[in-house]
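Structure, as structure tokens:
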Amino acid sequence: MNTHSNWPEWIYVGVVVALLIYVGAEAWNIERIIEHIPSDAEIIQVTGQQWFWTFEHEDGTKEIGELHLKKDHAYKFEVVSKDVIHSFNIHDYVVLVDAVPGRVNTVWFSPDESGEFDIQCREYCGLIHYNMRAKLYVDDDKS
Amino acid sequence: MLIFVISPINFSFALDDDPGKYLNRKAEIWNLFYRMMTVAFVIGSVVSGTLIWLVWRFRESNHKAKKTRYEEQGKW
């Protein structure tokens, strides 16, 4: 019969379990907050195909290989692919979502700095994947 | 106990009804990463520290080591 006290083991297990629960809850919560789209977000249709990006604004304006947005506005990207799987990435704004044929994936962001930023495909999609790039121009409304 | 579990779940799902707020994705995601790394290193230190202490404390050559019942009887 084991008669020694084992409360330190239970405290140890409790601390580790509590930390793991915190990790799960916090990650889940932040993900929910990040995915919560503001009501005034403008929808931009993003189409990936070998090997360039096409953007269509709400007013029907189309852009190929470049995207012009306004600073401090919210934008919701609806990302699709015409051929193989691509991945839409604006590195400087931590925007990353796959473009999958037959699916519409969404992600939103609000640029808080004006300037030029790179858009790059982040899923190997064929011979010229390395050069499947576009340019994001964020314009300051005030200027 | 149920209150503590259900309340945050209700609160989180209620978010869907309100419009989202503007936020800095980069800051939110990197902050989350740093918090997760802090927790990961704390767990890593606690677990590995405990194992190191166990091995050090219960080695045969430790002067505090006691013989087990089986060792005292010379048979196991």
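Cβ-Cβ distances below 8 Å connect the following pairs, each with a first residue in region A:6-29 that is of a type in the set (D, E, K, R), a second residue that is surrounded by 10 or more Cβ atoms within 10 Å (Cβ to Cβ), and a separation of six or more residues or different chains: A:26/B:32; A:26/B:35; A:26/B:36. Scanning region A:71-102 for residues that are within 16 Å of the chain's Cα centre (by Cα), more than 13 Å from residue A:122 (Cβ to Cβ) and acidic (Asp, Glu) returns A:78, A:92. The helices (runs of 4 or more DSSP H) located wholly in chain B that include 3 or more residues which are over 30 Å from residue A:93 (Cα atoms), within 11 Å of another protein chain (Cβ to nearest Cβ) and modelled with pLDDT under 90 occupy B:25-57.
Do we find a residue being in contact with a Phe, Trp or Tyr (Cβ under 7 Å, 6 or more places away or on another chain), surrounded by 14 or more Cβ atoms within 10 Å (Cβ to Cβ), at pLDDT 95 or above and within 17 Å of residue A:96 (Cα to Cα) anywhere in region A:23-44? Taking every residue of region A:23-44 in turn, at least one turns out to be in contact with a Phe, Trp or Tyr (Cβ under 7 Å, 6 or more places away or on another chain), surrounded by 14 or more Cβ atoms within 10 Å (Cβ to Cβ), at pLDDT 95 or above and within 17 Å of residue A:96 (Cα to Cα).
Residue by residue, here is whether (1) more than 23 Å from the chain's Cα centre (by Cα); (2) over 30 Å from residue A:128 (Cα atoms); (3) among the β-branched types (Val, Ile, Thr); (4) not assigned by TED's automatic domain parsing to the domain that holds residue A:117 holds:
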{"residue": "A:12", "(1), (2), (3), (4)": "yes, yes, no, yes"}
{"residue": "A:17", "(1), (2), (3), (4)": "yes, yes, yes, yes"}
{"residue": "A:22", "(1), (2), (3), (4)": "yes, yes, no, yes"}
{"residue": "A:28", "(1), (2), (3), (4)": "no, yes, no, yes"}
{"residue": "A:32", "(1), (2), (3), (4)": "no, yes, no, yes"}
{"residue": "A:55", "(1), (2), (3), (4)": "no, no, no, no"}
{"residue": "A:65", "(1), (2), (3), (4)": "no, no, no, no"}
{"residue": "A:69", "(1), (2), (3), (4)": "no, no, no, no"}
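The values are calculated or read from the model by the stated rules, or taken from the named source; none is laboratory data. What you see is a predicted model, and the numbers here were worked out from it, not measured in a lab. No Cβ is skipped: glycine too gets one built from the backbone with ideal geometry, and neighbour counts run over all protein chains shown.
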